[in-house]
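Please read the structure below before turning to the comments.
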Amino acid sequence: MEKKTVLRKPAGFLDVYKHKPGAEKDRTHYCPGCGHGILHKLIAEAMEDLEIIDDTIIISPVGCSVFAYYYFDGGHFQVPHGRAPAVGTAVSRANPDKIVISYQGDGDLAAIGGNNILQAANRGESIAVFFVNNAIYGMTGGQMAPTTLEGQVTTTTPYGRNPATDGLPLRMAEIINQLEAPTFVARVSLHNPANIRKTRAAVRQALQNAKEHKGFQFVEVLSMCPSGWKQTPVNCLKWIEEKMLPIFPLGTLRDRSAEATPVVRPEPVLEPGKVLEKLGLTEDKSRGFARGTVAEEYSEMSIRIAGFGGQGIMSTGQILAQVAMEYGYNVSWLPSYGPEMRGGTANCSVNIQDDTIGGAEAVSPNMVIAMNRPSMEKFEKTMVEGGSLIYNSTLVEISPSRTDIKAFPVPITGLANELGDIRVQSVVGVGAYAAVTGMFRPEDIIEMLPQFFKGKNKSIIDLNASAVRAGYDYVKNNF
Amino acid sequence: MARTLMKGNHAAVYGAVMAGCTAYYGYPITPASEIAEGAAEIFPKLNRTFLQAESEIAAINMVYGAAGSGRRVMTASSGPGISLKMEGLSYCAGSALPCVVVDVMRGGPGLGNIGPEQSDYNQVVKGGGHGNYRNLVLAPNSCQEMCDFTMLAFDLADRYRNPVFVLTDGVIGQMMEAVELPKPVTHIPDRSEWAVCGTPLNKNLINSIYLDLDDLERWNMALDAKYRSVKENEVRYEEYLMDDAKIAVVGYGCVSRVLRSTVEMARARGIKVGLFRPITLFPFPEKQIRAFADRGVEKVLTVELSTGQLVDDVNLSLQGTLKSDLYYRVGGNVPSALEILNRISELYGV
Ligand SMILES: Cc1ncc(C[n+]2csc(CCOP(=O)(O)OP(=O)(O)O)c2C)c(N)n1
């Protein structure tokens, strides 16, 4: 082939296509008559004229334009099929001062990546999307695309696209135009010089907006695919005019370029001192309560707390674990969840000990706090011999069946009601636990209440302090 | 710093924050959702990005974009969501991008349930996506380790420019323990050489295409060499009373905690059981397990919340040198320490 002289390439293209394998590093891989090359050139020219070559990141899709990175001068991502808008989302957020171009075909954007484009558009991501609608899958040899026309023959619609089984062509520009966030939405075409000029204008508007970080730009470009359509390049131009334009009307569907406000993203905080300060971690808030003497049988606790959902089962367990931690114990808290979580009952396991904690579930507890009857019946069976059972005698009208355990009937719900708020049940239970085991002083628990009820006013804290006392005193006075 | 009572899932968020992770992209799924929720709360306070993606597929591709832009980035999910991430992970490995993925495993297959299982082992430890690549896999068994290993995962990801998994289960994700928060990192390795970032822009290329057959073979061999170096340098494991053990129990994650209790119960009965806990699942502690026989171990019992995934690696490591058995529970069930001890008694007549 005779070597042609290139007069001048737009500066948005690389001089030598260094990433392209093989010897031909001065020409594209596109077929004769393909529209991709024209659109590439319009983008490269705009990059030069808008002086954004050194600030542009181009995302190459999967499709014929998979090798867009061969040609453009810029930063490059080649990405999985359809995912350019998702990748672009993160690229633009990580590089808020850059221009991010997502270049996609119709299979890529409208089929496999349909949700990704919708969601990125809906979030108003700072991406300029150039969507090449050639009504076919070019790369893989001419299969049906979502944009394939009714009756169009492709390798996977050998009898023509049948709307009854394959649906009708998707009009992506119109769909994107339904969303609030996008700034600029247009459909243009490459089938003759007049329309190429309009495409040039749309490309420039989109990239100008991108340069100003004005959110999401969407330019759908009708484009020829002689190889996929199995037509001569000249026939392809006619085919767009006659067949595609009636289905895909051209024009600017939306232009909010003037009103759009630039997206501003502040720098992430990474400096260690600032990180700790912003997270409120600069001071050590641990209390380090001194331990009292705890009877041998209560020195290593495996606790099951159970009751109805809404009885504060989870928070009872968390409070026990938090307080024990301040006394210097190793603690663990494990909620029932998954297959265990049935029928509106809840339970959790708490371990409190000096040794390393093994299994976190209290399979054979030495303490059960049962807030209702089914919980007592279920978990007293699991207890070790000599263990302690605190049960809510307001709701549990029977006695435990085990005689080899210590039982502490405490009217937990009743005591809470006497205080005027049934929600303090869980804290009454904590008070009772402290009295039975001798592990915590009630004043230490009370000291921690503001931490458990963050943001709650003083009357709620005081009410809970009374609840701790009520549970504690009841056990002290009755057993 | 002070110890704070927190869920394993929240501890992972703090690990990421302290490691200088500037972006979290994720999609909710039980029992991993608290990681997304924690990131949603904390990341904006530090001007870092939290985004609830439209799917796990989108999330991993956002991770790809952020990692390629030179940011420390993380996502988290569980079974079904991890399955969806596989293509993206393969691209991350194929493009040599560092990133961290936390998998809080639940019951499968299909929708399964939200109870703890370890049945993502094969898809995570063996690669999962297409092509010749591996994930580095750390397996925490406590809330403290959820924090520390997530932080470590970022270092390993940078060191090897590869995805690193923190593979755990619903128990560890959902439980609370005291966690001592580490200090924030002061330094993040420079990535200007390969990432698309910086002003002026580094016009790098993030890519996994090698059209030339020999180029792609060479790239695969380079990846293979990387994974061999990982095997040489990054094996981590923990032992408990293994020195005089006749029976070794092998397990990771929440199972290894139960096994610790089993070992204590067995010892109280005079049965010499020891615990071997792989901390890295890839690289797997092959040599250490192969050496069991030389250390006087006679029997090996693998316990897992999957129907025989971990045990395959144990057997490959043992190379037939010792009698090897498997005990498993699945469906969200976790065996008790006594249940496992009874199994040991049955199997080995002790
Ligand atoms: C997950 C996945 N599925 C399928 C493919 C195969 N594939 C490559 S390109 C392509 C179609 C591309 O068509 P389109 O987006 O219309 O772009 P065009 O080639 O027409 O420019 C397909 C299906 C792939 N690479 N990845």
For B:GLN52 and A:PHE453, extending 7 Å from Cα along the Cα-Cβ vector and measuring point to point gives, in nm, a value of 3.0 nm
For chain A, the longest principal axis of the Cα atoms and the Cα long axis of helix A:193-211 enclose an angle in degrees, to the nearest 10, of 30 degrees
With +1 at each Lys and Arg Cβ and -1 at each Asp and Glu Cβ, the charge dipole magnitude of the protein assembly as shown around its Cα centre, to the nearest 20 debye, comes out at 1380 debye
Looks like the stretch B:1-125, by Cα gyration tensor root eigenvalues a ≥ b ≥ c and the a/c under 1.5 rounded cutoff (else prolate when a/b is bigger than b/c, oblate otherwise), is oblate
Exposure-ranked with fewest Cβ neighbours within 10 Å first, A:ILE43, B:ILE340 stand as B:ILE340, A:ILE43
Nearest 10, in degrees from 0 to 90: the angle of helix A:442-452 to the longest Cα principal axis of chain A is 20 degrees
Of all DSSP beta bridges with both partners in the stretch A:326-479, the antiparallel percent, nearest 5, is 40 percent
To the nearest 10 degrees, the tilt of helix B:33-42 (Cα long axis) against the first principal axis of the alpha carbons of chain B is 50 degrees
Asserting the computed 222 nm helical MRE of chain A (DSSP H runs at least 4 long, -39500 (n - 2.57) per run, divided by residue count, to nearest 500) equals -10000 deg cm²/dmol
Highest mean packing first, using Cβ neighbours within 10 angstrom, the peptides B:30-37, A:231-238 sort as B:30-37, A:231-238
GluC sites (Glu not before Pro) in the stretch A:20-103 lying in a DSSP loop, each with at most 15 other Cβ atoms within 10 Å of its Cβ, come to A:GLU24, A:GLU51
Bridge orientation stat for the protein assembly as shown from DSSP, antiparallel percent rounded to 5, came to 35 percent
For the stretch B:238-348, the dipole about the Cα centre with charges only on Cβ (Lys and Arg +1, Asp and Glu -1), to the nearest 20 debye, works out at 220 debye
For peptide B:18-28, the mean count of other chain Cβ atoms within 10 Å per residue Cβ is 2
Once both label points are put 7 Å beyond Cα along the C-beta direction, the B:ASN342-A:GLN231 separation in nm becomes 7.5 nm
Packing-ranked peptide list from A:219-225, B:212-218, B:41-47, highest mean Cβ count within 10 angstrom first, is A:219-225, B:41-47, B:212-218
If each K or R counts +1 and each D or E counts -1, the residues other than B:CYS99 whose Cβ falls under 11 Å of its Cβ total +3
If every Lys and Arg gets +1 and every Asp and Glu gets -1 at its Cβ, then about the Cα centre the stretch A:36-255 yields a dipole, in debye to the nearest 20, of 360 debye
Computed Rg/Rh for chain A (Cα atoms; Rh = Kirkwood radius) stands at 1.25
Lys and Arg at +1, Asp and Glu at -1: neighbours of A:GLY114 with Cβ under 12 Å from its Cβ sum to -2
Expected sort for B:262-269, A:158-165, B:230-237 on mean C-beta neighbours within 10 Å, highest first, is B:262-269, B:230-237, A:158-165
Under the 7 Å Cα-to-Cβ spin-label approximation, A:GLU277 and A:LYS406 lie apart by a distance in nanometres of 5.2 nm
As straight-line cross-link partners of B:LYS7, the qualifying lysines (C-alpha separation under 30 Å, not fewer than 8 residues apart within one chain) are A:LYS274, A:LYS278, A:LYS285, A:LYS378, A:LYS381, A:LYS454, A:LYS456, A:LYS458, B:LYS45, B:LYS85, B:LYS126, B:LYS183
Per residue of A:258-269, other chain Cβ atoms within 10 Å number on average 2
Dividing the alpha-carbon radius of gyration of the stretch B:3-233 by 2.2 N^0.38 Å, where N counts its residues, gives 0.96
Charge tally for neighbours of A:GLY251 with beta carbon under 13 Å away, counting Lys, Arg as +1 and Asp, Glu as -1, is +1
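Laboratory data are not the source of any read-out in this text; all were calculated from the coordinates shown. Just so it is clear, the structure is predicted and the values come from calculations on it, not from any experiment. Here the Cβ is made from the backbone with ideal geometry for all residues, glycine too, and neighbour counts use every protein chain on show.
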